[in-house]
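Input: a single structure, listed below in structure tokens.
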Amino acid sequence: MEDNFRARDIALKAQKKILSRMSSKGVAKVFVDDRMGSLLDNVYRLCKTYTQNKKEAEKIVKNIIKIVTKIGLLARNEQFSQDELVIASDFQNKFHKAAKTVISFFEVDFSYDQKFLTQLLTECKNLLKQIVQSHLTDKSLGRIDLVFSFFSNPAFLDNVFKKNSEYNEIMTKIIVDMHSALEQGEL
């Protein structure tokens, strides 16, 4: 009979479990630098303003933090297969394209194309889930769905990118943070 016990696997499970319980702003600062913290704070403000619901906004940002830290943990522990790494490269390229698209749509008048952005975000979500589906629980996969569903919601996108929108001030801060994160290779 083969013994399948591996301390590394147990340690990884423990780290993921700990991360799933710790998603406060204080803990996030350990995993997220100031630039990304600013971006997440502004994303929180945008979500809270849009939803008019503090709890829902907190849930969205906490889910982002949990997803990013778990994926980072998996990557640091070299848990991804070669096939998953290829998909991860595709995801990274697609996500950069989505970020640059958001910036462009905000900065260039009359360039906003909701269907294009929605499709791009859906492709990002599907690629991300392909990468992590064998590593994360259904609950974590649900977090990915929740985050991408929120940000690809046509009504949300239409409101955010509407000319002279009530979200312009917050979006301007997010765009500055996104520019900085892209320049530093953090997004």
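State the percentage of accessible surface on region 32-184 attributable to carbon and sulfur atoms; use a 1.4 Å probe and exclude ligands, DNA and RNA. Solvent-exposed carbon and sulfur of region 32-184 make up 51 percent of the total. Heavy atoms of the protein chains alone define the surface here; on that basis region 23-176 has 56 Å² accessible area per residue at 1.4 Å probe size. For region 101-187, applying the loop criterion from DSSP together with a ceiling of 11 other beta carbons within 10 Å to the trypsin sites (Lys or Arg not before Pro) yields 163. Accessible area per residue (1.4 Å probe, heavy atoms of protein chains only) ranks 123, 78 as 78, 123, with the largest value leading. A crude spin-label estimate for the pair residue 54 and residue 107, with each label 7 Å from Cα along the Cβ direction, gives 3.5 nm.
Residue 158 contributes an accessible area of around 70 Å² to the protein surface, as traced by a 1.4 Å probe with all chains present. One chain, two ends: residue 75 and residue 138. Fully extended at 0.36 nm per residue, the span grows by 20.8 nm beyond their Cα-Cα distance. Roll a 1.4 Å probe over the protein heavy atoms and report the accessible area of residue 137 in Å², nearest 10. For residue 137, the solvent-accessible surface is approximately 80 Å². Available extension along the chain between residue 165 and residue 130 is 9.1 nm, counting 0.36 nm per residue and deducting the alpha carbon span. Per-residue accessible area (protein heavy atoms, 1.4 Å probe) orders 96, 179 as 179, 96, starting from the largest.
The values are calculated or read from the model by the stated rules, or taken from the named source; none is laboratory data. All values derive from a computational prediction rather than experimental measurement. FYI the Cβ positions are ideal-geometry reconstructions off the backbone, even for glycines, and counts take in every protein chain you see. Calculation scope for accessible area: heavy atoms of the full protein, side chains included, ligands and nucleic acids excluded. Shrake-Rupley method; radii C 1.70, N 1.55, O 1.52, S 1.80 Å.
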